[in-house]
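See below for the structure under consideration.
The values are calculated or read from the model by the stated rules, or taken from the named source; none is laboratory data. Every value quoted in this text rests on a predicted model; they were computed, and no experiment measured them. Here the Cβ positions follow ideal geometry from the backbone for every residue, glycine too, while neighbour counts run over all protein chains shown. SASA here: full protein model, heavy atoms, side chains in, ligands and nucleic acids out. Shrake-Rupley method; radii C 1.70, N 1.55, O 1.52, S 1.80 Å.
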Amino acid sequence: KGISTGLLYKNLKKSQKVKLSKLVREYVIKRDKVCLRCGKGSNLHASHIYPRGKYPKMQFDTKNVKALCLGCHLYWWHKHPIEAREWAEKTLGRDRLRYLKKRANTIDKTLWDFERIKIDLQKKIGEL
């Protein structure tokens, strides 16, 4: 009955996923400039709101990624989900979180187009 959902996320080569992940990180760090929680400007991580392991189709969506420093990302975001959720609503906005929730709950059988995603990310980076 059609394409297996697992295959949809595997149509890109590992090297292509690495390239896109680097572009997402570059964009998010340039956009946010500092850790959105504590304001530090060093050791910034591109932290996914909806985890890329559970929601692989959202891993290159820049609305699903925010800049957090190493400490806030690993020792706060991943350790205190209730507090993190409340913070995300206040800091990132309910509209953005509603968009992400809708996207997370929508079945999307579209295969990834590496060139299109790459060009879109490069364009976003250039507009900052």
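Some notes on this structure:
- With the convex hull drawn around the C-alpha atoms of the chain, the volume per residue stands at 116 Å³.
- Sulfur and carbon atoms: percent of accessible area, region 16-94 [1.4 Å]: 52 percent
- Charge sum, other residues only, whose C-beta stays under 13 Å from THR106's C-beta, Lys/Arg counted +1 and Asp/Glu -1: +4
- Once the chain from LYS33 to LEU92 is taken as fully extended at 0.36 nm per residue, the excess over their C-alpha distance is 19.8 nm.
- Label-to-label distance, HIS78 versus THR62, with points set 7 angstrom from Cα along the beta-carbon direction: 2.5 nm.
- Relative contact order of the chain, pairs being alpha-carbon contacts under 8 Å that are 6 or more residues apart, as %: 33 percent
- Within region 8-51, the trypsin sites (Lys or Arg not before Pro) that combine a DSSP coil assignment with at most 14 other C-beta atoms in a 10 angstrom radius are LYS10, LYS13, LYS33.
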